[in-house]
1. How many residues does region 124-147 contain that are under 13 Å from residue 238 (Cβ atoms) and assigned to a loop (DSSP other than H, G, I, E, B)?
2. Can you pull out the residues in region 208-228 that are farther than 17 Å from residue 176 by Cβ and either in contact with a strand residue (DSSP E or B) (Cβ under 8 Å, 6 or more places away or on another chain) or in contact (Cβ under 8 Å) with a residue 24 or more places away in the chain (or both)?
3. Of the numbered conditions (1) assigned to a loop (DSSP other than H, G, I, E, B); (2) touching a helix residue (DSSP H, G or I) at 6+ places or on another chain (Cβ under 8 Å); (3) under 19 Å from residue 213 (Cα atoms), residue 183 satisfies every one except a single condition; which is it?
4. Return only the number of the condition from (1) under 20 Å from residue 153 (Cβ atoms); (2) open to solvent by less than 10 Å² (accessible area, probe 1.4 Å) that residue 202 does not satisfy.
5. Among the residues of region 114-143, count how many are open to solvent by 10 Å² or more (accessible area, probe 1.4 Å) and under 16 Å from residue 158 (Cα atoms).
6. Could you check, for region 213-232, whether at least one of its residues is among the small types (Gly, Ala, Ser), touching a helix residue (DSSP H, G or I) at 6+ places or on another chain (Cβ under 7 Å) and within 20 Å of residue 126 (Cα to Cα)?
7. Mind telling me which of the residues 193, 131 ends up being touching a residue at least 12 places away in the same chain (Cβ under 8 Å) and over 13 Å from the mean Cα position of the chain (by Cα)?
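The values are calculated or read from the model by the stated rules, or taken from the named source; none is laboratory data. Everything numeric here is computed off the predicted structure, so don't read it as measured data. Quick reminder, even Gly has a Cβ in these numbers, built from the backbone with ideal geometry, and neighbours come from all protein chains shown. Surface accessibility is based on the protein's heavy atoms, side chains included, excluding ligands, DNA and RNA. Shrake-Rupley method; radii C 1.70, N 1.55, O 1.52, S 1.80 Å.
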Amino acid sequence: MVRTDQSETEGRLGRRTVLKTGALGAGIALAGCLGGGPGADDGETVAATMSQTGTTNDGETRTEDGTETEDGTETEEGESERDDETTDGETSREDTAEGTPETPAKDEKCAVCNMKVAMYPKYNAQLQRTDGEHVHFCSTGCLVAYVEKPSQFDDDASPDDIGTKWVHDHESKELASVADEYFVLEMNAEHVDDPMMKNPLAFSTESAATAYVEGYDDLSTDDIVRFDAFTLETAKQYRGRFF
């Protein structure tokens, strides 16, 4: 089941960090890419804190007086609120299933690690900005890194610019909105042969995610989250060398 209580999730991720310190160090050491970025200490493990938020089926919510907000967030006394404020003051917007994905160009490069996105058709991810422009990534882990701190990778980008996000489902290999997926916090590079060697894995149903974690002794249902639960700290666990 997906945990929504922050204190419980913090405890869970603390335990996961102890269990996976060895795998994390190996994953960071092995994760190579074509482009450079600011480095982080290879031995540093960042304990993640998760804040679970919900999404609506149609991306819209109604205020108490029955009016709908334009961006789908609930308002109180006329002021809109944004979800999931990160530790550095940036915020990530609640995702909806709106927008349209596109096929990346052959020479399109990942906005985080600079690898060619088209080389990984079963793993790449993308988002659509509010101005309609698409940003592409080699994998889910790079997408998470960009979403949690877009200004790290684009000086002109902000969380308010981010619209719909898509990832490839781990089982079907089909592109799906993150709003429809359940994510397994996979940290062991030996479990999956995917880009950058370490990524959250997307599943279309909670039962599918559960079946996956039951196949490994170092995973449990506590490692299943929704996309809105990711924070800057968890992004650093997957792509720490780029922050």
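1. Counting residues in region 124-147 that are under 13 Å from residue 238 (Cβ atoms) and assigned to a loop (DSSP other than H, G, I, E, B) gives 2.
2. Residues satisfying the conditions are 210, 213, 216, 218, 219, 221, 222, 223.
3. The one condition residue 183 does not meet is (1).
4. (1)
5. The total comes to 8.
6. no
7. One residue alone meets the criteria, 131.
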